[in-house]
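Here is the structure we will look at, set down as structure tokens.
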Amino acid sequence: LMGNTNLIQPLEYSAWPTLGASRRAAWTMVSEPDGSGDPAEDDETVLDALQAALRADQPRLAVVNLHKVDRAGHYGERGDYPARVAAIDGPLADLWRWVGRQDAYADDTWLVVVADHGRHGDADTDPPWRHHGCACNSCRRVPLLVLGPGVVQGQDLDDPVLLTDLAPTLAALLGVELPWASGMVLDELLETPTGFPSRSGLADLAVAA
């Protein structure tokens, strides 16, 4: 677990019985290099720290929070959030190309880029788009990018997708069972579909709840 915020540190270990603190993950807070301990001011520093960890420790799973993108959405001006997204696009692509050149990861690694929430479209606050948390269409729309072996290239999903669908989809790619997951496998993303039931045909979830 890594990020320039401590918000994901509670994900260190599972709340499932027998999978508690004794099997916790390693946590890295990416701080400013001046020794102040303040969170890193740019997300590129987080990607540099991730690359160093991949090179040194070769972890099997990394969960990384690029929090300056999130802060730009909450506290910046209207154009700051898309500017942060655009700024991190190139470094993410560079990291993915680097991963593909590593013997430990080449042709056996997936990259998932996703947000935890969208931007509010209509609220009594000014500006409204700094907030989130309701069931409006704007809050429920988040970016999703999945790259790696077994994933159909250039595929766009037209059917509704939930964040809970990510875990069973990754489990399908890894070839492991995930019987208690509440999401569905995104078969449309897979070169070899599982044939499991999908959410195809539902109306917009912001309307259908």
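Please list, in order along region 62-72, the HN-Hα scalar couplings obtained from phi with the Karplus expression 6.51 cos²θ - 1.76 cosθ + 1.60 (θ = phi - 60°), rounded to whole Hz, x for Gly and Pro.
10, 10, 10, 10, 9, 7, 5, 4, 4, 5, 5
Could you work out how much longer the chain between Ala21 and Glu191 gets when fully extended? Use 0.36 nm per residue separation minus the Cα distance between them, nm to one decimal.
Details: separation 170, 0.36 × 170 = 61.20 nm, distance 3.66 nm.
My answer for the length gained is 57.5 nm.
Counting each DSSP H run of 4 or more residues in the chain as -39500 (n - 2.57), what helix-only mean residue ellipticity at 222 nm follows after dividing by all residues, to the nearest 500 deg cm²/dmol?
-9000 deg cm²/dmol
Which far-off residues, 5 or more places away or on another chain, put their amide H under 5 Å from the one on Thr28, with H placed in the peptide plane?
Met2, Gly3
Starting from the Cα of Arg101, step 7 Å along the direction of its Cβ; do the same at Ala62; then give the gap between the two resulting points in nm.
1.5 nm
Please compute one quarter of the surface area of the Cα convex hull for region 1-131 and express it in square nanometres.
10.4 nm²
Placing +1 at every Lys and Arg Cβ and -1 at every Asp and Glu Cβ, with all other atoms neutral, what dipole size does the chain have around its Cα centre, in debye to the nearest 20?
Rounded to the nearest 20 debye, it is 420 debye.
Which value, in debye to the nearest 20, gives the size of the charge dipole of region 53-110 about its Cα centre, when Lys and Arg are +1 and Asp and Glu are -1 at the Cβ? Let's see the in-between values first.
Details: 8 positive and 9 negative charges, 31 e Å.
Rounded to the nearest 20 debye, it is 140 debye.
Report the FRET efficiency, 1/(1 + (r/R0)^6), for Leu174 and Asp126, where r is their Cβ-Cβ distance and R0 is 45 Å, rounded to 0.05. Don't skip to the end; give the middle numbers.
On the way: r = 46 Å, r/R0 = 1.01.
Computed FRET efficiency for Leu174 and Asp126 comes out at 0.50.
Relative contact order for region 59-209: what percent, with Cα pairs under 8 Å and sequence separation of 6 or more?
17 percent
Mind giving me the FRET efficiency for Ala135 and Leu157? R0 is 25 Å, r the Cβ-Cβ distance, nearest 0.05 is fine.
0.80
Considering the dipole of the chain built from charges on the beta carbon (Lys and Arg +1, Asp and Glu -1) around the Cα centre, which of Val161, Ala172, Gly37 is farthest to its positive end?
After comparing all options, I get Ala172.
Readers should treat all values here as calculations from the given coordinates under stated rules, not as data from a laboratory. These numbers were taken from a predicted model, which means no experiment stands behind them. Reconstructed Cβ throughout: ideal geometry from the backbone, glycine too, with neighbour counts over all protein chains shown.
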